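Accompanying notes for the structure given below.
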Amino acid sequence: MVKQNNLKALTGGAAAAEAIRQINPDVFSAYPITPQTPIIQGFAQMVADKKVETKFILVESEHSALSVIVGSTAAGGRSMTATSSQGLALMSEILPVASGMRLPIVMNLATRALSSPINIHNDHQDAMMVRDLGWIQIFCENNQEVYENNFLAVRLAESPEVMLPVMVCQDGFITSHNIERVTVWPDRVIKKFLGEYRPKHFLLDLKNPSTMGPFAMPDYYFEIKHQVVVAMEKAKKTYLAVGRELRKITGHRYGCLEKYFLADARAVIVVMGSTAGTVRGVVEEMRKQGKKVGLLKINLFRPFPYQEVKRALAGVGMVGVLERTMGFGSVSPLAGEIRISLAGKRIRDYSFGLGGRDIGAEEIEKIFLQLLGNRTVDRPQYIGLRK
């Protein structure tokens with residue numbers, strides 16, 4: 001672990017901007033949208049103050065922002081962007097272009113509810129909307145994770161065996177606008193960890209001309225898309241390997257998931273993002289009461305760690321999947337993945353927090369008590385929903 005560091009009070013948005021400053025990408029392009037705006041506003045100020053050498057390209061929409069980044073990355077540059085909610089929806093046409101062209105773009109996503117009705121607060125509907133478009137997705141619980149996961153994402157995306165775009169997801173407002181203490185590591189240390197981006201193929205390599213994103217007929221399209229599947233399968237191993245390197249700097253662990261009091265747990269809640277902190281506190285209080293409850297936090301949602309989840313929950317009687325989204329005509333996305341991991345296991349699905357609605361410790365305790373009661377309910381439960 002590196003001992004030289006600087007402790008700063010940063011919002012999640014500012015933590016992302018600070019990480020981007022240290023990454024110093026060749027190109028950054030984005031369009032402001034709440035609650036992502038502090039990320040690009042903070043980084044734009046750094047560009048104006050000449051704290052970075054990055055070319056900041058102003059555009060008229062999120063669709064254009066990602067199109068610019070696709071072009072700059074294809075040309076051989078390290079490139080980044082950021083967005084939220086409807087902005088991500090507007091980008092959706094270009095998202096599979098980026099993954100299909102195997103471009104190592106890093107995007108910071110401040111997750112937010114989708115319209116309609118219009119709502120600017122947090123849930124995970126936007127990230128779940130694009131979960132199967134070939135992007136790796138990392139979820140952050142707090143501002144420190146936002147800061148450090150950006151470095152992990154760059155190395156992961158640019159790994160030759162991966163070469164896929166990565167989303168670093170933080171909870172809008174809950175993380176993006178709240179101030180926490182963040183340990184900032186020295187610029188020279190981060191620069192050494194990241195290294196220089198040297199793509200094997202890029203459009204401006206005039207000695208080795210290549211084509212990117214060509215038209216593909218049925219005889220090749222299937223195979224090209226399958227290459228993304230293979231890269232995703234390799235991404236999990238690379239994520240863990242890069243995490244072990246980063247741990248030498250920070251002292252922090254970067255697992256696909258985080259286990260908390262699982263060894264003897266009778267009931268466990270599975271969750272992603274900032275709510276893990278609230279669940280952790282409830283687990284601690286209920287443990288003092290002698291109740292055997294636990295938490296499983298998912299850090300890496302794509303590729304999904306099926307085997308790791310299966311092993312982590314092998315001895316658990318009841319599992320509650322708590323997620324900030326819902327399934328329309330199906331189970332919710334995270335619940336679906338947990339069901340695949342635990343075929344035959346007793347699972348209950350809970351949707352909560354859509355549109356930024358809070359969930360409290362009392363409600364989480366009630367969920368644990370339901371799970372401890374071993375009551376099976378087929379239909380999803382909606383926590384905090386007014387009758």
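The values are calculated or read from the model by the stated rules, or taken from the named source; none is laboratory data. Predicted, not measured: the structure shown is a model, and the values here were computed from it. Please note: Cβ atoms are built from the backbone with ideal geometry, for glycine as well, and neighbour counts cover all protein chains shown.
Being of a type in the set (A, V, I, L, M, F, W, C) and either more than 15 Å from residue 349 (Cα to Cα) or outside any strand (DSSP E or B) (or both) is a property that residue 322 lacks.
On inspection, residue 151 passes the criterion of being aromatic (Phe, Trp, Tyr), part of a helix (DSSP H, G or I) and either at pLDDT 95 or above or under 20 Å from residue 133 (Cα atoms) (or both). Restricting region 314-369 to residues that are closer than 19 Å to residue 281 by Cα, of a type in the set (Val, Ile, Thr) and in contact (Cβ under 8 Å) with a residue 60 or more places away in the chain, the residue that is surrounded by the fewest Cβ atoms within 10 Å (Cβ to Cβ) is 359.
For residue 127, the conditions (1) more than 15 Å from the chain's Cα centre (by Cα); (2) in a helix (DSSP H, G or I) are fulfilled apart from (1). Within region 205-240, take every residue that is surrounded by 13 or more Cβ atoms within 10 Å (Cβ to Cβ) and hydrophobic (A, V, I, L, M, F, W, C) and give me the one that is farthest from residue 166 (Cα to Cα). Among residues in region 205-240 that are surrounded by 13 or more Cβ atoms within 10 Å (Cβ to Cβ) and hydrophobic (A, V, I, L, M, F, W, C), the one farthest from residue 166 (Cα to Cα) is 216. With a requirement of 3 or more residues that are among the aliphatic types (A, V, I, L, M) and within 26 Å of residue 134 (Cβ to Cβ), none of the strands (runs of 3 or more DSSP E) lying completely within region 2-106 satisfies it. Across region 68-105, the number of residues qualifying as under 17 Å from the mean Cα position of the chain (by Cα), of a type outside the set (S, T, N, Q) and closer than 12 Å to residue 30 by Cβ comes to 6. Set side by side, the residues 143, 108 differ, and just one is surrounded by 21 or more Cβ atoms within 10 Å (Cβ to Cβ), touching an Asp or Glu at 6+ places or on another chain (Cβ under 7 Å), within 17 Å of residue 35 (Cβ to Cβ) and not hydroxyl-bearing (Ser, Thr, Tyr), which is 143.
Mind counting the residues in region 288-323 that are among the acidic types (Asp, Glu) and within 16 Å of the chain's Cα centre (by Cα)? Total satisfying the criteria: 1. Residue under question is residue 162, and the condition is that it be within 16 Å of the chain's Cα centre (by Cα) and either within 30 Å of residue 295 (Cα to Cα) or not aromatic (Phe, Trp, Tyr) (or both); does it hold? When the stated conditions are applied, residue 162 does not pass them. Screening the candidates 302, 311, 287, 253 for the property of being closer than 19 Å to residue 362 by Cβ and of a type in the set (Lys, Arg) yields one hit, 287. Within region 156-179, one or more residues are of a type in the set (A, V, I, L, M, F, W, C), in a helix (DSSP H, G or I), at pLDDT 95 or above and closer than 17 Å to residue 102 by Cβ.
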